Amino acid sequence: MSKESIGIMGGSFNPIHIGHLVIAEEARVKFSLSKVIFVPVGIPGYRKKIKLLDPERRFVMTLLATTSNPHFFVSRIEIDRKGKCYTYDTIVELRKIYPEDKYNIFFITGADAVLSILTWKNPKELLSMCYFIAATRPGYNLKKLNDKLKKICLDCETRVFPIQVPELSISSTMIRERIIKNEPIKYLVPKEVEDYIYKNELYKEEDPWEEQSKIEY
Ligand code: ATP
Ligand code: MG
């Protein structure tokens, strides 16, 4: 019996935007994934300086953004973790539910993120437990990415699959900046996410988001 393939889409989703949804759907169709599980990060293992919005709010927005797609699911696996989150630990946990003999796991990520894979926790073990789908972002081309992957590690060529996705130069950083500048985010995030952000007045200030812990649905 052939193995079932599932996708895991990790991210901070701060907030989730259509760039995330487009790469997840493109990966699902190209790799015949039976489902894609979105995994919002709890406390990131490695993080740039910015503070993330309350995990529960990022979780709710991820749910709102994905419910209309019957193949998309959202997991609390990292949100509920007490300590820092590393992709390696998440895949180890997921492997208990989706064992190697029955499932292929494809971790979906942006090309920029995959290039730093060797700095992640236990990269060799991670690469042996799952495949990676690296979606190219605007500014990247596949040849350049392939060349870089070859230099990173021997396994990378066989375990990492670069895919070209329709280019959307959208990032969560850009969404947050647009909100501060009172610029529209309509069509850059799903309508439900836009409504949730405005209703709860999220991302209005540059820093103290973690204080906004009162959750309204
Ligand atoms: P931030 O600006 O806060 O870093 P982000 O838009 O990069 O946010 P993340 O939640 O950090 O979003 O990203 C989750 C994954 O989605 C990462 O692997 C990232 O590379 C990828 N990604 C995000 N936006 C795009 C996009 N427009 N095209 C392709 N990949 C993307
Ligand atoms: Mg990012």
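As a quick test, which of the pairs LYS84/LYS121; LYS35/LYS121; LYS121/LYS143; LYS124/LYS150; LYS3/LYS143 have an alpha carbon distance above 18 angstrom in this structure? Check vs 18 Å cut-off fails for LYS35/LYS121; LYS121/LYS143; LYS3/LYS143.
Only protein atoms count toward the accessible area here, which uses a 1.4 Å probe; on region 4-214, the carbon and sulfur part of that area reaches 54 percent. Close amide-amide hydrogen proximity is noted between PHE38 and MET9, PHE73, VAL74, SER75, each under 5 Å apart and 5 or more residues distant or on a separate chain (H modeled in the peptide plane; Pro and chain starts excluded).
Pop the C-beta distance of LYS199 and GLU56 into the FRET formula with R0 = 22 Å and round what comes out to the nearest 0.05.
Values: r = 15 Å, r/R0 = 0.68.
It comes to 0.90.
Under Stokes-Einstein, with the Kirkwood radius over Cα pairs standing in for Rh, what whole-number D in µm²/s applies to region 85-167 at 4 °C and 1.567 mPa s? Intermediate values should be presented prior to the final figure.
Details: Rh = 13.2 Å.
Calculated translational D: 98 µm²/s.
When each of the peptides 7-14, 101-108, 82-89 is scored by the mean number of other C-beta atoms lying within 10 Å of its residues, the order from highest to lowest reads 7-14, 101-108, 82-89. The C-alpha atoms of the chain define a longest principal axis, and helix 142-152 lies at about 70 degrees to it. I'd like the FRET efficiency for ILE18 and LYS84, computed as 1/(1 + (r/R0)^6) with the beta carbon distance as r and R0 of 25 Å, rounded to 0.05. The formula returns an efficiency of 0.30 here. Is the C-alpha gyration tensor of region 32-73 telling us rounded, prolate or oblate? Criteria: a/c under 1.5 is rounded; beyond that, a/b larger than b/c is prolate, otherwise oblate. Here region 32-73 falls in the oblate category. In this label model, SER68 and LYS151 are separated by 4.2 nm, measuring between points 7 Å along each Cα→Cβ vector. For the pair region 97-166 / region 11-66, the C-alpha centres are spaced 17 Å from each other. Dividing the summed helix terms, -39500 (n - 2.57) for each DSSP H run of n ≥ 4, by the number of residues in the chain produces a 222 nm estimate of -10500 deg cm²/dmol to the nearest 500. Taking a ≥ b ≥ c as the square roots of the eigenvalues of the Cα gyration tensor of region 75-117, is the shape rounded (a/c under 1.5), prolate (a/b larger than b/c) or oblate? Note, shape of region 75-117 comes out oblate. Ranked by the mean number of other Cβ atoms within 10 Å of their residues, highest first, the peptides 157-163, 21-27 come out as 21-27, 157-163. Relative to the longest principal axis of the Cα atoms of the chain, the long axis of helix 55-66 lies at roughly 70 degrees. The alpha carbons of region 1-109 occupy a box of 45, 28, 20 Å along the principal axes, longest dimension given first. Using only the Cα atoms of region 4-214, build the gyration tensor, take square roots of its eigenvalues as a ≥ b ≥ c, and label the shape rounded, prolate or oblate: rounded if a/c is under 1.5, else prolate if a/b is larger than b/c, else oblate. Prolate shape, in that a/c is at least 1.5 and a/b is the bigger ratio. Between the Cα long axis of helix 87-97 and the first principal axis of the chain there is an angle of about 70°, rounded to the nearest 10.
Can you order the peptides 193-204, 177-188, 115-126 by their average number of other Cβ atoms within 10 Å per residue, highest first?
Values: 193-204: 17.2, 177-188: 12.4, 115-126: 14.9.
Highest to lowest by the protection proxy: 193-204, 115-126, 177-188.
The values are calculated or read from the model by the stated rules, or taken from the named source; none is laboratory data. Bear in mind that the values here come from a model prediction, so they are computed numbers and not experimental data. Positions of Cβ are backbone-derived with ideal geometry, glycine not excepted, and every protein chain shown enters the neighbour counts. Each accessible area value is taken on the protein alone, full model and side chains, heavy atoms only, with ligands, DNA and RNA left out. Shrake-Rupley method; radii C 1.70, N 1.55, O 1.52, S 1.80 Å.
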